[in-house]
Amino acid sequence: MIHPKQIRTRFAPSPTGMMHIGNLRTALYEFLVARSENGKFILRIEDTDRGRLVEGSVDVIFRTLKDVGLSHDEGPDIGGGFGPYIQSMRKDIYAPYAHQLVKEGKAYYCFCTRERLDSLRNASSDPDISNAGYDRHCRNLTSSDIQTRIDSCEPFVIRQKMPLSGHTTFTDAVFGEITVDNNELEDQILLKSDGFPTYNFANVIDDHLMDITHVVRGSEYLSSTPKYNLLYEAFGWEIPEYVHLPLIMGRNEDGSVSKLSKRHGATGFDDLVRDGYLKEAIINYIALLGWCPADNTEIMSVRDMISKFRISGISKSPAVFDYDKLRWFNSEYIKALPHEDFCEMIRNYLESVNTSGALNTSMIAELIQTRISQLTEVPEMISFFRDLPEYSTDLFEHKKMKTTQQLSLLHLQEILPSLESLNDWSLTSIHDFLISYALKKEIKNGQIMWPIRTALSGQPSSPGGAVELMHILGKSESVRRIEKAIILLDNTITE
RNA sequence: GGCCCUAUGGUCAAGCGGUCAAGACGCCGCCCUCUCAAGGCGGAAUCAGGAGUUCGAUUCUCCUUAGGGUCACCA
């Protein structure tokens, strides 16, 4: 289908706290739908629910979009030809539209109290009763009745009259044709008693006024889309293209799945960053939750996504958020980082371990760059450089290295003096020295490497082997740790 | 419960009437190797079930089953 008009999509979050991963992914797809066709991506803040506003969350939205590279063309901060872009600042726009529909007989005043609505809901737990929620009690009030109640300041809402029969059909770009019976549709509230529009209403008005061509959102809106369309039709406006996205699911403890939410763990963008995931990895991973490029590329920048994106690549079935795969993406991004950038990223960690100032932190960084999947793993991985942990001499026994505690003790004792007199403490020098020792003694390299590496790290495994660790730790610290190992081994064996 | 949607390995998924049913994560094995990683190679594992349509169904239709979403003066 050819669109003569330029594509315009919008991200319309409510400032109610953190940036949920599902929202971010929606924003990404909205961005991609527009940018892949040279369209415009608009940011609009939907703050019609005064009760749920959270201080500072608008800034979170700005910052997150910026962090992941989703730049908008119009929005509260940069303006545009369709402002204002914050719904609370548009408050006066909506009411006239609602009243227009009342005048045209397509909407009506409703004076029902919350108490009445609540009792209605409780009473209709009966299965075979009408499905359409509200019982349309005020739909046919006489005009004089309405006037007296308004005059006496009775609070009211404005509801839209839904057709009592027939059905509504629309075509979604990813789910195809969907039909719903009109008698399933409630007489929806357009204007709340506080004068603010409901989300649905404001959404339609703004999307129309802002010339939005493609409404991209989660598939949880699929079943309420007919209501939107009835609104567009009531006004005689052109209905936008719909692009509903498959839901992102989280795995529950019992193995079932449901819409990704807090109980599934870190689901906010900031949470994930705090957990040591790179921004690029996060956006890359969630891009693939429900979309697959034609060439099956996995590692992609937002820039790459723009050129590869096609709506036809969006899938219909929900996708389970997989932290393992996210970790993999993250480790790929970490490995691809330029050395300097990686050092800078983990600088605090490196400094906390280098209290003496003597360690070669650049080399430590190099060693761990291929060994971590999350930045948060760094402290534990490098802490031994600063403080040799308490360890058991059992560590010196290694079947594959063919080492025992006795042999370890023997070789450590034997090599220590000449090690102390080794002047050139470069990697190659240390390496050659150890190898020649093994050669001379006619033992496997591992039989000398393993005891040293163990003595230096006090751990069953470490980033880097004996040579690297000795080099980083320096001669005096290396010797000190080997001496300690000798004492430990000696004590254990003679016991 | 009503309505709507979905259904390829454990997970993300390619496929769009004829394929030995891609690839990735994870898992397992081997190689490399001074530990652990990284890297290389290989392996196990999928079309929910049943009717049709068709010469032929993973692919089209229907039913069943399972899962999900939605039923607010929330967005």
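The values are calculated or read from the model by the stated rules, or taken from the named source; none is laboratory data. Worth saying up front: this structure is predicted, and the values here are computed from it rather than measured. When we count neighbours, we look across all protein chains shown, and the Cβ atoms used for this are built from the backbone with ideal geometry, even at glycine.
Annotations for the structure displayed:
- Filtered residues of the stretch A:262-298 (kept if over 20 Å from A:Leu65 (Cα atoms) and either in a helix (DSSP H, G or I) or not small (Gly, Ala, Ser) (or both)): A:Lys262, A:Arg263, A:His264, A:Cys292, A:Pro293, A:Asp295, A:Asn296, A:Thr297, A:Glu298
- Taken over the stretch A:304-336, the criterion of being buried (at least 17 other Cβ atoms within 10 Å of the Cβ), aliphatic (A, V, I, L, M) and within 13 Å of RNA strand B (Cβ to nearest atom) is satisfied by A:Ile311, A:Ile314, A:Ala319, A:Leu326, A:Ile334.
- One residue stands out in the stretch A:171-227 among those that are more than 8 Å from RNA strand B (Cβ to nearest atom) and hydroxyl-bearing (Ser, Thr, Tyr): the one that is surrounded by the fewest Cβ atoms within 10 Å (Cβ to Cβ), namely A:Thr171.
- Selection of the stretch A:5-31 for residues being basic (Lys, Arg) and in a helix (DSSP H, G or I) yields only A:Arg25.
- Every test in (1) buried (at least 17 other Cβ atoms within 10 Å of the Cβ); (2) touching a Lys or Arg at 6+ places or on another chain (Cβ under 7 Å) is passed by A:Arg139 save one, and that test is (1).
- The residue of the stretch A:442-495 that is farthest from the chain's Cα centre (by Cα), among those that are charged (D, E, K, R) and within 23 Å of A:Ser426 (Cβ to Cβ), is A:Glu483.
- Looking across A:Thr370, A:Thr376, A:Thr403, A:Thr355, one residue alone is within 14 Å of RNA strand B (Cβ to nearest atom), in contact (Cβ under 8 Å) with a residue 24 or more places away in the chain, of a type in the set (Ser, Thr, Tyr) and not assigned by TED's automatic domain parsing to the domain that holds A:Ile472. It is A:Thr370.
- One residue stands out in the stretch A:423-474 among those that are in a helix (DSSP H, G or I), surrounded by fewer than 21 Cβ atoms within 10 Å (Cβ to Cβ) and charged (D, E, K, R): the one that is nearest to RNA strand B (Cβ to nearest atom), namely A:Asp432.
- Within the stretch A:456-484, residues that are among the aliphatic types (A, V, I, L, M) sit with their Cβ atoms under 9 Å from residues that are more than 13 Å from RNA strand B (Cβ to nearest atom) and in a loop (DSSP other than H, G, I, E, B), at 6+ positions apart or across chains, in these pairs: A:Leu456/A:Leu388; A:Met470/A:Trp425; A:Ile472/A:Leu359; A:Ile472/A:Asn360; A:Leu473/A:Ala358; A:Leu473/A:Leu359.
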